[in-house]
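As structure tokens, the structure follows; a few thoughts come after it.
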Amino acid sequence: MDKRTVVSIQNLSLRLPAGADREFALKEMNLDLNANEIVCIVGESGSGKSLCAQALMGLLSKVIHIESGRVSYGDIDLLTASQAQLRGIRGARISMIFQEPMTALNPSMRVGEQIAEVFEAHNLLTPAERRARALELAKEVRLPDPEKLLEAYPHQLSGGQRQRAMIAMALALEPDLIIADEPTTALDVTTQAQVLKLIREIQRRRGTAVMFITHDFSVVADIADRVLVLKCGVVVEQGSVDEVLRSPKHEYTKALLAAVPTGTPLSGGSQDGGKPALQVTDLRKTYRSRAGMMGPVREVVAVNGVSFSIARGETLGLVGESGSGKSSIAKLVTRITEPDSGSIVLDGVSFSDMTGEELRKGRSRIQMVFQDPFASLNPRRPVGLSIADGPMARGLSRRDALKRARELMDMVGLSSDAVDRLPHEFSGGQRQRIGIARALALDPDVLIADEAVSALDVTVQAQVLKQLANLKTRLNLAMLFITHDLHVATQVCDRLAVMRRGEIVEIASTVELFANPKHEYTRALLSAIPGAIRLYRDI
């Protein structure tokens, strides 16, 4: 098997601008990327993983200074190559699969045109040949109904389909090296499994070198040949996947592995045995849209006859793939969106029938922690005021509301002195804690966490999950925990409700559901969980 070195990174150091949290984004990094091999670069946000990829592609920001080093592709140093040389290499010899395909794809161009554009950019093939090759690539990455999807725009594709289109573009010119930057982070567990399998199959068939950037050790266990661990720009450990996962040497690697959700379900919750804090019965919602003024009406049944209850001190996990209706339920039970029918009862009182001032007061009893805390916080408003807004709207004085904000900051493990700082001055995990504090400011009975940890590193994720579990017990809250990650669900959920196409197909205790899943869809979800990490954990 060909094991030639495709790209060699030698003593690479990248200096950050003045005022950054450290001097170097990467310091004295060495790495050979070989044909027929997948190298996973692992580390938390800010460790320098993506900057390494940008250096290889010649896409570094001008504020990042190349202090030293060489990145060799044959006789060419990619760090000093001319723009003309880089244009010839990008896409053709080294290609990249980005984390978020929706931002990498042109929303105004059809998918097929964007795949064909790769050939056009390098003056290859005729227009007819480009279209034919785009169709071949769409079939290779297993896009369903490829002829139809090539005529679609990116927003008309699912997340997994968009990622497959990005993979097709990366493969178009049969590059020597593919850089995959967190390509499965935002995907459902089943779609993630399909994309990982696809990347591995293509890599083996074509003998390509792959640099796979991730913070998920479960993914590493499933796909990697070699692993390199980055901490604050420094390589702290590297070796074969067996060496790093079976016998980690560095404390940082051990900490990352320890933070990976175990997949062991909780034994049971601490319900108080009384009436449910939240009772949802036969909830239904259909969205209707029209293509143009005279076009046909399109109907999507988002929620179809959903019923469940949550007791105080209990966490119910709502799991399923994107489009299954999980977030629609969150919006309906908080009445951000009005249901078509069904009832929502909070602590024995009908929330569905509330209107006007009564509804405004009722909403304080059910609060939400959103997936993206940065987007849900006002970037120009100190976080203390964002937390205090709810209590002030209910008549609490500014002074008392800010005092309460300080108490809540302390409760979620942040310094109370940080209330005057702006959102951008906090890390992602800290912003999520602020989101939790804001949700708790109105003393709710029910807390809804909508994909609240999906974008966080494993260590930060573990901290936030622990924080949520502690607060639920301390404050005797009922919690609805929405996630597509079953590994995460096992860490905090007493019961699980599995959603598919707007319906709950199975609901049971977490232990029972993992041990004896009844529905075929539940079994498919469980089988798609990256599982090799368990084997290493047990050795």
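The values are calculated or read from the model by the stated rules, or taken from the named source; none is laboratory data. These numbers were taken from a predicted model, which means no experiment stands behind them. Cβ placement follows ideal geometry from the backbone for every residue including glycine, while neighbour counts extend to all protein chains displayed.
If you go through region 476-521 one residue at a time, how many are surrounded by fewer than 23 Cβ atoms within 10 Å (Cβ to Cβ), modelled with pLDDT of 90 or more and within 19 Å of Ser218 (Cβ to Cβ)?
Looking only at that region, the number is 0.
I'm checking my understanding of the structure. Among residues of region 9-39 that are small (Gly, Ala, Ser) and over 26 Å from Ser240 (Cα atoms), which one is surrounded by the most Cβ atoms within 10 Å (Cβ to Cβ)?
So the residue we want is Ala20.
Go through region 201-255 and give me each residue that's among the aromatic types (Phe, Trp, Tyr) and in a strand (DSSP E or B).
Phe212
Considering only region 437-450, I want to know if a residue exists there that is crowded, with 23+ Cβ neighbours inside 10 Å and assigned to a loop (DSSP other than H, G, I, E, B).
yes
I need the full set of residues from region 162-193 which are assigned to a helix (DSSP H, G or I) and among the β-branched types (Val, Ile, Thr), in order please.
Answer for region 162-193, where residues must be assigned to a helix (DSSP H, G or I) and among the β-branched types (Val, Ile, Thr): Ile167, Val189, Thr190, Thr191.
With respect to the numbered conditions (1) of a type in the set (S, T, N, Q); (2) in contact with a Lys or Arg (Cβ under 7 Å, 6 or more places away or on another chain); (3) at pLDDT 80 or above, which one is the sole condition not fulfilled by Ser307?
Result: Ser307 passes all but (2).
If you go through region 127-148, how many residues are surrounded by 13 or more Cβ atoms within 10 Å (Cβ to Cβ) and either within 19 Å of Lys197 (Cβ to Cβ) or modelled with pLDDT under 90 (or both)?
7
Among the candidates Ala138, Ala134, Ala128, which residue alone is part of a helix (DSSP H, G or I) and without any contact (Cβ under 8 Å) to a residue 24 or more places away in the chain?
None of the others qualify; the one that does is Ala128.
Could you grab the pairs with beta carbons closer than 8 Å, sequence gap of 6+ or different chains, first residue in region 199-210 and farther than 18 Å from Lys139 by Cβ, second one acidic (Asp, Glu) and crowded, with 17+ Cβ neighbours inside 10 Å?
Once the first residue is farther than 18 Å from Lys139 by Cβ and sits in region 199-210, its partners that are acidic (Asp, Glu) and crowded, with 17+ Cβ neighbours inside 10 Å give Thr208/Asp176; Ala209/Glu37; Ala209/Asp176; Val210/Glu37.
Can you tell me which condition Ala437 does not meet? The list is (1) under 23 Å from Lys403 (Cβ atoms); (2) without any contact (Cβ under 8 Å) to a residue 40 or more places away in the chain, and all the others hold.
Status for Ala437: all satisfied but (2).
Taking the residues in region 310-340 that are of a type in the set (A, V, I, L, M) and assigned to a loop (DSSP other than H, G, I, E, B) as candidates, determine which candidate is nearest to Thr281 (Cα to Cα).
For region 310-340, the residue satisfying everything is Ala311.
Please find, within region 40-56, the residue that is farthest from Leu228 (Cα to Cα) out of those that are in contact with a helix residue (DSSP H, G or I) (Cβ under 9 Å, 6 or more places away or on another chain) and crowded, with 18+ Cβ neighbours inside 10 Å.
Once the filter is applied, the top-ranked residue is Glu44.
Tell me which residues, restricted to region 361-419, are within 27 Å of the chain's Cα centre (by Cα), farther than 19 Å from Gln467 by Cα, of a type outside the set (D, E, K, R) and not in a helix (DSSP H, G or I).
Hits for region 361-419 are Leu377, Asn378, Pro379, Pro382.
Identify the single condition in (1) under 26 Å from the mean Cα position of the chain (by Cα); (2) of a type outside the set (Lys, Arg); (3) at pLDDT 95 or above that Ser328 does not satisfy, given that it satisfies every other one.
Failed condition: (3).
Need pairs with beta-carbon distance below 6 Å; first residue over 14 Å from His65 (Cβ atoms) and within region 17-36, second in a loop (DSSP other than H, G, I, E, B); sequence gap 6+ or separate chains.
Cβ pairs passing all conditions: Asn34/Lys3; Ala35/Asp2; Ala35/Arg4; Ala35/Gly207; Asn36/Met1; Asn36/Asp2; Asn36/Gly207.
Could you please let me know if Val460 is surrounded by 23 or more Cβ atoms within 10 Å (Cβ to Cβ) and in contact (Cβ under 8 Å) with a residue 12 or more places away in the chain?
When the stated conditions are applied, Val460 does not pass them.
Looking at this structure, is Ser72 surrounded by 16 or more Cβ atoms within 10 Å (Cβ to Cβ), of a type in the set (Ser, Thr, Tyr) and modelled with pLDDT of 95 or more?
In short, yes.
What number of residues within region 420-436 satisfy the criterion of being surrounded by fewer than 16 Cβ atoms within 10 Å (Cβ to Cβ) and part of a helix (DSSP H, G or I)?
3
Need the failing condition index for Ser343 against (1) free of Cβ contacts under 8 Å to residues at least 12 places away in the same chain; (2) in a strand (DSSP E or B), just the number.
Evaluating Ser343 over (1) free of Cβ contacts under 8 Å to residues at least 12 places away in the same chain; (2) in a strand (DSSP E or B) leaves (1) as the failure.
With Val301, Val297, Val333, Val345 as the choices, which residue is at pLDDT 90 or above, among the β-branched types (Val, Ile, Thr) and farther than 30 Å from Asp457 by Cα?
Selected residue: Val345, the only one of Val301, Val297, Val333, Val345 that is at pLDDT 90 or above, among the β-branched types (Val, Ile, Thr) and farther than 30 Å from Asp457 by Cα.
Residue check: is Glu28 under 18 Å from Lys231 (Cα atoms) and in a strand (DSSP E or B)?
yes
Can you find even one residue in region 107-117 that is assigned to a loop (DSSP other than H, G, I, E, B) and either buried (at least 20 other Cβ atoms within 10 Å of the Cβ) or in contact with a helix residue (DSSP H, G or I) (Cβ under 7 Å, 6 or more places away or on another chain) (or both)?
Yes, region 107-117 has at least one match.
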